Amino acid sequence: MAADPNKLGIFVTSPQHMRHILGIAKAAVRAGKTVMVFFTYKSIHLTKNPLFVELTQLCAVENIAICADSYICEGFDNVNDIPRGLIDKQMRTQAFHGAILDECAKYIVM
Amino acid sequence: MESLKVYILIANRVYNDGIRSGLGLAVENHYAFPVIMNGEFPRMSNYMAENIAWISDMEGQVYSCGAEAPTDLPEGTEIANISLEELGEAMREADFIIPYGLPKQSHEPPGACSE
Amino acid sequence: MKILQVYKSEPTEDVKKLVEILNRDRTADEFKLYMGEPNYDTLVQKIFANDKTVCWW
């Protein structure tokens, strides 16, 4: 499958750029693009940021996920404390990042 | 699916998780090249050593740039040296470049988290 | 090859050197996220206008 030229992948590795992530996602949606986002390692703390829910509303369920292992490593409960805006099947592995690389013609690291 | 060349640059001692992230791509049939910048080496747990070895097994490589790679690593675990210029040239061929996590800190860590 | 360099903070000397090598013989553009209030519409336009984006720390 060729990467979708209208799909932007955002790989989030830093816990401190929620404003930029949301700003980019909103601008991409305004431009008629699809956004696919994966949060890994300490960036999963951004799921506790009030802006996170807004981000999840910009993405289809299959286009936003977080690394479940990272969430657990950081002390959160991946069963009883699923981040607001997500459901259990959006608690994923690093394979979701692989899918972003395969599916998105454009990509940015945050 | 096309195998992609992905460089993961690790500039901050807290973000050696980039190596695990590289392994995650390697198992998806991509070529992962995590690069530890300026001596920000991880604590060499069995888990970390295994991850580094697996990346090599899957035709990737963990590099050290800006500091000599440690040579006292567990058997089968290798970190190769690469200069900044060599890294830049190698990354011209990359499909993706991932500056991972946070930049280098300007101070040494306090005792509470230095070991 | 058109390449976009995005900076989340002031680039270090190492980053500047890597960017110089990556940009050589290519059409290069840049966007500084750490300067004032970023125009995200402009950034997204640039991302889609370039073949590759590198977003530094």
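The values are calculated or read from the model by the stated rules, or taken from the named source; none is laboratory data. In this text, all values refer to a predicted model and were calculated from it rather than measured experimentally. Please note: Cβ atoms are built from the backbone with ideal geometry, for glycine as well, and neighbour counts cover all protein chains shown.
Scanning the stretch C:4-45 for residues that are over 29 Å from A:A31 (Cα atoms) and not in a loop (DSSP other than H, G, I, E, B) turns up C:E13, C:D14, C:V15, C:K16, C:K17, C:L18, C:E20, C:I21. Checked against the criterion of being surrounded by 13 or more Cβ atoms within 10 Å (Cβ to Cβ), of a type in the set (S, T, N, Q), within 14 Å of chain B (Cβ to nearest Cβ) and more than 20 Å from A:A105 (Cβ to Cβ), the candidates C:T12, C:T53 yield just one match: C:T12.
The condition (being surrounded by fewer than 19 Cβ atoms within 10 Å (Cβ to Cβ) and closer than 21 Å to B:S21 by Cβ) is satisfied by just one residue among A:I72, A:I87: A:I72. Filter the stretch C:20-50 for residues that are over 9 Å from C:K2 (Cα atoms) and touching a residue at least 40 places away in the same chain (Cβ under 8 Å); which is farthest from the other protein chains (Cβ to nearest Cβ)? So, considering only residues that are over 9 Å from C:K2 (Cα atoms) and touching a residue at least 40 places away in the same chain (Cβ under 8 Å), the one farthest from the other protein chains (Cβ to nearest Cβ) is C:K46. One residue alone among B:V14, B:V62, B:V35 is buried (at least 24 other Cβ atoms within 10 Å of the Cβ) and more than 17 Å from A:Q94 (Cβ to Cβ), and that residue is B:V35. Can A:T34 be described as buried (at least 19 other Cβ atoms within 10 Å of the Cβ) and modelled with pLDDT of 95 or more? Here the answer is no, as A:T34 does not meet what is asked. Looking only at the stretch A:35-86, how many residues end up being among the polar types (S, T, N, Q) and either closer than 22 Å to A:P5 by Cα or assigned to a helix (DSSP H, G or I) (or both)? Of the residues in the stretch A:35-86, 6 are among the polar types (S, T, N, Q) and either closer than 22 Å to A:P5 by Cα or assigned to a helix (DSSP H, G or I) (or both). Taken as a whole, the stretch B:1-23 holds no residue that is within 13 Å of the chain's Cα centre (by Cα) and free of Cβ contacts under 8 Å to residues at least 24 places away in the same chain. Out of A:L101, A:L55, which single residue is buried (at least 17 other Cβ atoms within 10 Å of the Cβ) and within 11 Å of chain B (Cβ to nearest Cβ)? Exactly one residue qualifies, and that residue is A:L101. Within the stretch B:66-94, the set of residues being touching a residue at least 40 places away in the same chain (Cβ under 8 Å) and either surrounded by 15 or more Cβ atoms within 10 Å (Cβ to Cβ) or on the phi > 0 side of the Ramachandran plot (or both) comprises B:I79, B:I82, B:L87, B:A90, B:M91, B:A94.
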